[in-house]
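Structure first, commentary second.
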Amino acid sequence: MKRRSPTLEGFKATFRLPSVVLAEIAWRWCFGLALVTLCAFSFREYMSTLPVTSAEIFLLQTRQPPLMLKAMAEILQGSLPRAANALIVLAVALTLGWIVLASLGRAATLNSLFAHFREHEAPRGLRLTSLFGLNFLRAAAFLGTGISLIGAVLLAGAASSKDDPSPGIALLIFWMIALFVGLAYSTLNWYLSLAAAFVVGERMTTFDALATAADLCRSRPGPVAAIATWFGAVHAIIFVAATSVVAFPLAFAEVLPAAIVLGGVILVTLAYFAVADFLYVGRLAAYVFLISVPETGQPAALPIPASDDDILSDIPGLVPPQTAAG
C-alpha cells in the first residue's frame with residue numbers, strides 16, 4: 001500500500017483549509033499590532049515625563065552630534081528607574097496576553113487540522129490549561145534566552161579590558177555563546193510547539209505531551225526530520241527572496257519620497273510574514289497527519305474480535321473440514 005507523505009499532506013491541508021491559515025494570521029497579527037501599539041504608546045508616555053530645559057532644546061537645535069549627545073544625556077539623567085518600571089510592566093502584560101491569545105489560537109488551529117484528518121472521529125474537549133502551561137514554558141524559554149544573551153555580552157566584555165583590548169576574542173566568545181543559546185532555544189521551542197498537537201489531539205497534560213513528542217521523534221525520526229527539512233528549506237528560500245525584493249524600494253530611497261519607500265518595505269515585510277505563517281500552518285498540518293495516520297499511510301482499522309471457531313481453526317486437526325453436500 002502506498003504511503004502518504006506527511007510533508008505533501010501538510011501542504012495540501014493549507015490549500016484545502018484557507019480559513020485555518022487566515023485564522024493563524026489573524027491572531028498572530030493582532031498580537032503584533034497590539035505589541036507595536038503598546039510599545040509606541042509607552043515610549044510616548046515615557047518621553048512626555050522627561051523634563052527638557054531651554055538650554056537642552058538649544059543644544060538639540062544646533063544639530064551638532066557632540067552637543068546633541070550631551071543634551072540627551074542630561075535629559076535622560078535620573079530617568080532609568082522609570083524606564084525600567086515601565087519596561088517590566090509592559091513585558092509582563094504582553095507575556096500574559098500572548099500566553100492567552102496563543103493558547104486560544106493554537107487550540108482553534110490544531111482542532112481544525114485534527115478534524116480534517118480525523119473525519120470520522122467525534123470531536124474531543126480541549127485542555128486549555130495544558131496549552132497555557134506549554135506557552136508559559138515557551139515564554140520562560142524566551143526570557144531565559146534573553147538573559148543568556150545579556151550574560152554573553154558581559155562575559156565577552158570581560159575578556160577585553162582597556163589595558164589589554166581584544167575585540168576579536170570578545171566577538172568570538174559572544175558569537176559562540178549566542179550560537180549555542182540560539183540552538184538550544186530553537187530546539188526547545190520546537191518541542192513545545194510539537195507538544196501542543198498532542199494536547200489538542202490526545203487531550204494530554206503539559207508534561208505528558210512533551211514526553212509523547214519526544215517518543216514520536218525517537219520512533220519516527222525520518223518523517224519528523226523530513227517535515228522540518230522541507231518546510232525549513234522553503235522558509236529559507238522565501239526569506240532570501242523577501243530580502244532581495246525589499247532591496248528594490250531601498251534602492252530608490254534617494255529618488256522617491258520616504259513615505260513611498262517605507263510603504264514598500266512594510267508591504268514586502270507583511271507579505272513575508274503572511275507566507276511564513278502559511279508555512280507554519282503547513283508544518284503543523286504535517287505533524288498532525290503524522291500523529292493521526294500510522295506508518296501504513298491509512299487510518300488504523302478497528303480490530304475484529306476473534307471467535308472460538310477462528311481460534312481453534314488456527315490449529316490443524318481440531319476442527320474437521322466440512323464435507324461436500326451430497
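Where a number appears in this text, it was derived from the coordinates with a stated rule and is not lab data. Please read all numbers here as calculations on a predicted model, not as lab measurements. Quick reminder, even Gly has a Cβ in these numbers, built from the backbone with ideal geometry, and neighbours come from all protein chains shown.
For Glu254, Glu202, Glu56, the sequence from fewest to most other C-beta atoms within 10 Å is Glu254, Glu202, Glu56.
Between Leu155 and Trp190, the contour length at 0.36 nm per residue exceeds the alpha carbon distance by 9.8 nm. By the count of neighbouring beta-carbon atoms within 10 Å, fewest first, Ser160, Ser112 end up ordered Ser160, Ser112. From largest to smallest, the equivalent ellipsoid semi-axes obtained for the chain from the alpha-carbon gyration tensor read 56, 23, 21 Å. Fully extending the segment from Leu33 to Arg203 would add 58.1 nm, taking 0.36 nm per residue of separation and subtracting the current Cα-Cα distance. Spin-label pair Ala140-Arg44: with each label point 7 Å from Cα along the Cα-Cβ axis, the two points sit 3.7 nm from one another. Ordering Thr14, Thr129 from the fewest to the most neighbouring beta carbons within 10 Å gives Thr129, Thr14. Using a cutoff of 8 angstrom between alpha carbon atoms and counting only pairs six or more residues apart, the relative contact order for segment 6-297 works out to 30 percent. Roughly speaking, what is the centre-to-centre gap between segment 7-69 and segment 152-188 when only Cα atoms are used, to the nearest Å? Result: 28 Å between the Cα centres.
Picking from Ile237, Ala170, Phe114, whose Cα lies most toward the positive end of the charge dipole for segment 6-297 (charges on Cβ: Lys, Arg +1; Asp, Glu -1)? My answer, from the dipole projection, is Phe114. Legend: helices of the chain (whole DSSP H runs) are marked when their alpha-carbon atoms reach 24 angstrom or more along the helix axis and their mean Kyte-Doolittle hydropathy is at least 0.5; marked are 18-48, 80-117, 128-158, 167-202, 221-245, 258-292.
Between Asn111 and Gln64, take the C-beta separation as r, use R0 = 45 Å, and let me know the FRET efficiency to the nearest 0.05. Walk me through the numbers before you get to the answer.
On the way: r = 60 Å, r/R0 = 1.34.
Rounded to the nearest 0.05, the efficiency is 0.15.
Note on Phe248 and Arg218: the extension gain reaches 6.3 nm, defined as 0.36 nm multiplied by sequence separation minus the Cα-Cα distance.
The residue list Leu131, Val52, Ile88 was ranked by how far each Cα lies along the charge dipole of the chain toward its positive end, using unit charges on Cβ atoms, and Val52 comes out on top.
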